[in-house]
Amino acid sequence: MIAVEQLTKIYGRRTALDAVSFEVPRGEIFGFVGPNGAGKTTTLRILAALMEPTTGRAFVDGADVTMQPDRVHERLGYMPDFFGVYDQLTSAEYLDFYAACYRQPRARRKKITDDLLELVGLSDRRDQAVDTLSRGLKQRLCLARALVHDPAVLLLDEPASGLDPRARVEMREILKELQKMGKTIVISSHILPELTELCTMVGIIDQGRMRATGPVLDVIRQLTSGRRLRITILGQREEAVAVLKPLPMIHALSALNGAIEAEYEGDDATAAAILQALTAAGIKVSGFSQLEGGLEDAFMRATEDAP
Amino acid sequence: MNPIAVALWNPIVAKEYRSRMRTWRSPVAMTVYILLLGGLGWAIFSSMTFSARNSFNTGQAANYGQGLFLYLVLFQMVLLAFITPALTAGAISSERERQTIDLLFVTKLPSFSILWGKLLASMSFVLLLLLLSVPIFSLVFLFGGIELDQLAAAFLVTAVSALTLGIIGIACSTAFRRTLPATVSAYGAAFILLAGSLLFGLLFPTDIDPNATTAPAPPAVTYLSPILPLLTIGTNGPINNFGVRNGNNNIYPTGGTGMACSTTPAGVQSCYPIGPGKGIVGGPSNPVQARGTTIPSGLFSGWQYWQATVTMQLALSLIALIVGAILLSPIRRLPWRRRTAAPVTT
């Protein structure tokens, strides 16, 4: 659905994007993660045909963003990180205006406006002036605006920035709803927890370079080498450590809130072998669980060795 | 809708009308406009009645009508030169400042439609002001001395000048990212159009050909200013000795010496040479005086002044519109440069 090939953007002497490539298949939610200034907004603006790449190509639903910007705009809903609203317009008029800009026929515009206000939960505010809405509501209205022409692809640049936790959860619910509707969504963010739960794919970008990209679990596995175990023991802590330390698959051990955290190399069978070794030595194990490496961990590792 | 209707009437126009008319600024602007124009009309009218009381001459009513008309059209032009740049100079730059322009660029509206919609919305307001002024101008017909075609020509010149100022304002608004520099440059352009072009006529006047059988005319650049045609329409007389070099004049070496048509309330007969040796002393300086309201010689020889002005301003508007459209597009590209795929580095 979205294909980015070797995208490079150079501003004067600064390289904002350095041969960035990734692909997002239809129906996926792609989390585009990176610190501020990493090149997320530049990539999204190029995808929205608002900027030309220095070199490289990008396609949205088969349409080349430099060659066919009109076709790209037809298929794409874009929500920028910063945006303003017009004063003197109500929410319904605001959506109707953009629906008209997308050349939706007049007869359909009322239904589109009503449906979208319903989707983002603003039906009761349809006659409220747009500039008097709170930031969270404006953000939702802007999301509705990006949907007036029923695009297949959504590009959302920091959709949750500046939102309070409740508004953030509501935004996430709306996005899940959109995923069910079959939209392909690209969300850029520097806030990781909101992406881990929502995204099916992730791309980590830093200083204009793509550090990792792919399905969320693959990226986490790829970046967090080694897995972790949390082992809770009834007494006998020293004995347990003495059993674990000589095992070749164990890299590191640490004590945490009365439990032992062990980093090891291997798969589920290796974990079973570790448990077996403990019980064979007569250690009373009351808890034994595998810890998934988080996206945050993966992100920190992906960006720490940057030049 | 057919393509022309789509091009002319786009959602931006409707949205601009809506938001413009919902503020208190528009009715206030209209009221102030009418008060200023009506106030000037009233002031001239009372000064005329005062002078008429002293020496009443039945034949002078027509002159009063012409005088009133001339003052009103000139004042209306100056008022619009102040209003129009303010209406258009922020049209695009304020969208940039408010960060709403990208939301328009990603819609199916072409850049030109955005520009055109903004222009149409602003110019409709100017047209509304012009229509509002019609009742005040109808006062002139109480006195007579002005034909309907003069009124129509004066309104046409005013409207086209306002359109030109509007388009230049929009072009400035696309060229500058901020509203302040856009507004300053739009006012600068308005000043150049109205007064700068006349100044050009004073600084670089036409040289007189002593063998010419036609009267000399000011340089063509001066026709850009709506002031010249409004003077000829209002006075129904020629422009003499403006923008024409006065050969053997030592006191006024560059000749011209300003507008010869000083417009007293008494009207027409006020066009006379003011520099020494102009047409009165004779000699090679100004052998033939212009008659009527046509341009006597030069590029637009035989044209009415207003025709030359309207033509030149429309040409200027077209250039400014094209420049504006090129500058507005998010990816600035000359129209004749084809889109090419960016190379893929390996």
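The values are calculated or read from the model by the stated rules, or taken from the named source; none is laboratory data. Quantities reported herein were computed from a predicted structural model and do not represent experimental measurements. Cβ atoms come from the backbone with ideal geometry, glycine included; neighbour counts cover every protein chain shown.
Regarding A:GLU170, is this residue modelled with pLDDT under 90 and either under 30 Å from B:SER26 (Cβ atoms) or out of contact with any Leu (no Cβ under 8 Å at 6 or more places or on another chain) (or both)? Give the derivation first.
On the way: modelled with pLDDT under 90: yes; either under 30 Å from B:SER26 (Cβ atoms) or out of contact with any Leu (no Cβ under 8 Å at 6 or more places or on another chain) (or both): yes.
Spelling it out, A:GLU170 is indeed modelled with pLDDT under 90 and either under 30 Å from B:SER26 (Cβ atoms) or out of contact with any Leu (no Cβ under 8 Å at 6 or more places or on another chain) (or both).
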Candidates A:ALA3, A:ALA92, A:ALA48, A:ALA99, filtered to the one that is crowded, with 20+ Cβ neighbours inside 10 Å, farther than 24 Å from B:VAL13 by Cα and of a type outside the set (Lys, Arg): A:ALA48
Single residue of A:ALA255, A:ALA273, A:ALA277, A:ALA240 found to be among the hydrophobic types (A, V, I, L, M, F, W, C), farther than 25 Å from A:ALA3 by Cβ and surrounded by 20 or more Cβ atoms within 10 Å (Cβ to Cβ): A:ALA240
Close pairs from the range B:11-28: first more than 11 Å from every other protein chain (Cβ to nearest Cβ), partner at pLDDT 90 or above and not in a helix (DSSP H, G or I), Cβ under 9 Å, at least 6 apart: none
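Residue under question is B:GLU147, and the condition is that it be surrounded by fewer than 19 Cβ atoms within 10 Å (Cβ to Cβ) and either of a type outside the set (Asp, Glu) or closer than 30 Å to A:LEU147 by Cα (or both); does it hold?
no
Look at A:THR232 and say whether it is under 30 Å from A:LEU195 (Cβ atoms), surrounded by 11 or more Cβ atoms within 10 Å (Cβ to Cβ) and in contact with a Gly (Cβ under 6 Å, 6 or more places away or on another chain).
Details: under 30 Å from A:LEU195 (Cβ atoms): no; surrounded by 11 or more Cβ atoms within 10 Å (Cβ to Cβ): yes; in contact with a Gly (Cβ under 6 Å, 6 or more places away or on another chain): yes.
Judged against the criteria, A:THR232 is not a match.
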Single residue of the range A:102-131 satisfying the filter (among the aliphatic types (A, V, I, L, M) and more than 10 Å from chain B (Cβ to nearest Cβ)) that is surrounded by the fewest Cβ atoms within 10 Å (Cβ to Cβ): A:ALA107
In the range A:39-76, anything facing chain B (nearest Cβ under 8 Å), of a type in the set (Val, Ile, Thr) and without any contact (Cβ under 8 Å) to a residue 40 or more places away in the chain is listed as A:THR66
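Per-residue answers, yes or no, for (1) part of a helix (DSSP H, G or I); (2) farther than 30 Å from A:ASP96 by Cβ; (3) within 13 Å of chain A (Cβ to nearest Cβ); (4) among the basic types (Lys, Arg):
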residue	(1), (2), (3), (4)
B:GLY67	yes, yes, no, no
B:LEU72	yes, yes, no, no
B:MET77	yes, yes, no, no
B:LEU80	yes, yes, no, no
B:GLY90	no, no, no, no
B:SER94	yes, no, yes, no
B:ASP102	yes, no, yes, no
B:THR107	no, no, yes, no
B:ALA121	yes, no, yes, no
Just checking, how many residues over the range A:5-36 are away from chain B (no Cβ under 14 Å) and either assigned to a strand (DSSP E or B) or touching a residue at least 12 places away in the same chain (Cβ under 8 Å) (or both)? 18
